[in-house]
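Q: Next up is a structure, given as structure tokens.
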Amino acid sequence: MNLLGFVFSLFIIGVSSKCQRCFGEDFMWGAATSAHQIEGAWNTSGKGENVWDWFTHNYPEKVRNGSNADIATDSYNKYQEDVDLLGNLGANFYRFSLSWSRILPNGTTNNINQEGVDYYLNVLKALQEKNITPIVTLYHWDLPISLHEMGGWNNPLVADYFNDYATLCYSLFGDYVKYWLTLNEPISQCYYGYGSGGHAPGYTESGTMTYMCAYTQLLAHAKAYRSYNETFRAKQNGKVGIVLVTLWYEPATESDADKQAAEWAIQWALGLFGHPIFIGNWPQMVIDRIGNLSVAQGFNTSRLPAFTETEIELIKGTYDYLGLNYYTTLLASPLLDFTDYENVTVGYGYDRNVLSSYDPSWTQSPVSWVTLFDVPAGFRAMLNWVANNFGNPPVIITENGWSTYIDLLNDTDRIQYIKGHLCSIYKAKYVDKVNLFGYAHWSLMDNFEWSSGYSEGFGLVSVDFTSPNRTRTPKASYYYYQKIIKSNCLEHCSLNN
Ligand code: GBH
């Protein structure tokens, strides 16, 4: 090698040691939304009412500024623009959800709304034209009101209605859809909807209903997974999974009690749903804890519904892949002494027994849910926890994102968040060997943020909610993410922490 060549090689080594970290060519990049948060058209074109329509219309005080999703981002009419935005982003996939009551206005298969079916076929065709893979969630919290009136997720028979709906969707859309997700974040649905009451339907029975809901949702997921196996897999050759979430928890101190608190916090979220699916039955410490407390509290049986042997087998193994959502990290200590079984209030928070705090050095979102901090390390830790506890299943990140004021176009804090979090999953995948195959940012665009209404936005694209056009404007983070997708590489990602 001549001198010039030698100097040139040094230059190349110099550039690459600036920590260019490249993902494999088959790694999938995408963005996510959900039906109720974007579609609008809440009572037109044959759509039936869902529990969030009912909740926002009847309890406007439960949502910031009394907002609702009657129009939202109007994606029912503007889906082509959404698909164009995904195309320009360079997205390989789009994670979106189907509105159950748009397809089945009463929730049941005796009445199919053809206009709703056509809408989703149009979305799927538009995606196909741009070579964007659909990853379709069947249920993202928008239960048809008729099923809510039957008790909603407190009623185990709703699992059968979900199975009917899922089966219909496989047959209607299965030619286009190869990645299905049954339920979005059952812990959030069951806790915020049936426990804290912040979400529809607004029940506040976290010591009982949260677990009934969990029981029914696990049965619903499992039945829908089995139906795919029995009737569709051979022909359609797709994959079915579920979306789970946890706040990541680190022990507040190195004490054993704090370590146990952090572990329990994860078990009461990821464990509650992941253990039945990946290992079989509820986690043992959850069974023991709720059982013991229930007795001490005067219940005849545990507040945690017991699975029969048949149900355990039905649920076990019902995954082809796992969708994981990660947003943030908190610190954990015990709420009460772990051995104190007397005088413990009935409730999920007391069962879980975690007192949360945070590190004041963490950057906090200026607008979001009580606690959204930018803590990339928790992402890697969560992925490792899942790989270690659930046998390293194929995982795709179905949500990860940061909240800002909705009109902020120069969203440098979101860029900072994305940068750190992508570096963290890079390390999980390539250093720790977690079986991760894709990443979706939440969200493609600002949308109806549940009980926060439109007071905050997770979007890469801003939406003008004051204009009937719902004009979409990409933020700085959209262009930042576009560059990453195009190069498939990260710059300045150090492997040292
Ligand atoms: C995801 O849930 C959802 O899947 C998605 O639809 C949503 O838009 C996204 O997060 C962003 O929030 O106000 O303190 O009571 C993440 C779990 C559950 C976290 C509800 C915030 C309310 C917290 N979320 N929770 S608080």
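Q: Which semi-axes, in whole Å and largest first, does the equivalent ellipsoid of the chain have when worked out from the alpha carbon gyration tensor as the square roots of 5 times its eigenvalues?
A: Numbers: eigenvalues 231, 176, 102 Å².
Output for the chain: semi-axes of 34, 30, 23 Å.
Q: Rounded if a/c is under 1.5, else prolate if a/b is larger than b/c, else oblate: which is the range 324-386, with a ≥ b ≥ c the root eigenvalues of its Cα gyration tensor? Display every interim value, and only then the final one.
A: On the way: a/c = 2.41, a/b = 1.77, b/c = 1.36.
Cα axes put the range 324-386 in the prolate bin.
Q: Another question, then. Near the amide H of T363, under 5 Å away, which other amide H atoms are found, from residues 5 or more places off or on another chain, if H is placed in the peptide plane?
A: It is D374, by chain and number.
Q: Shifting gears a bit: For L495 and N343, calculate 0.36 nm times their separation in residues minus their Cα-Cα distance, and state this gained length in nm to one decimal. Let's see the in-between values first.
A: Working: separation 152, 0.36 × 152 = 54.72 nm, distance 4.77 nm.
That works out to 50.0 nm of additional length.
Q: Could you run the Karplus curve 6.51 cos²θ - 1.76 cosθ + 1.60 with θ = phi - 60° over the range 449-463 and give me ³J(HN,Hα) per residue in whole Hz, x for Gly and Pro?
A: 8, 6, 5, 8, x, 10, 7, 8, x, 9, x, 7, 10, 8, 10
Q: Shifting gears a bit: Based only on other Cβ atoms within 10 Å, what is the fewest-to-most ordering of E39, E81?
A: Details: E39 29, E81 18.
In order of increasing Cβ crowding within 10 Å: E81, E39.
Q: Go ahead and estimate [θ] at 222 nm for the chain from helices alone: -39,500 (n - 2.57) per DSSP H run with n ≥ 4, summed, over the residue count, rounded to 500. Kindly include the intermediate steps, with their values, before the conclusion.
A: On the way: 18 runs with 192 residues, N = 497.
Theoretical 222 nm ellipticity from helices: -11500 deg cm²/dmol.
Q: Further question: Could you work out the longest stretch of the chain that avoids the chymotrypsin sites (Phe, Trp or Tyr not before Pro) located in DSSP loops with at most 14 other Cβ atoms within 10 Å?
A: Working: sites that count: F338, Y341, Y405.
So the longest stretch without any such site is 1-337.
Q: Over 32 Å between Cα atoms: which of K62/K316; K316/K433; K78/K419; K223/K475; K178/K433; K130/K429 fall into that group? All intermediate terms of the calculation are to be shown ahead of the outcome.
A: Numbers: K62/K316 37 Å; K316/K433 24 Å; K78/K419 30 Å; K223/K475 41 Å; K178/K433 25 Å; K130/K429 28 Å.
Over 32 Å Cα-Cα: K62/K316; K223/K475.
Q: Here is a further query. Amide H to amide H under 5 Å from K239: which residues, 5+ apart in sequence or cross-chain, H placed 1.01 Å off N in plane?
A: Y179, W180
Q: Between T466 and S171, what is 0.36 nm times their sequence separation minus the Cα-Cα distance? Round to one decimal in nm. All intermediate terms of the calculation are to be shown ahead of the outcome.
A: Values: separation 295, 0.36 × 295 = 106.20 nm, distance 3.88 nm.
Result: 102.3 nm gained on full extension.
Throughout, read-outs are computed from the coordinates displayed, never taken from laboratory work. As the structure is a computational prediction, the values presented were derived from the model and not from experiment. Backbone-built Cβ (ideal geometry, glycine too); neighbour counts: all protein chains shown.
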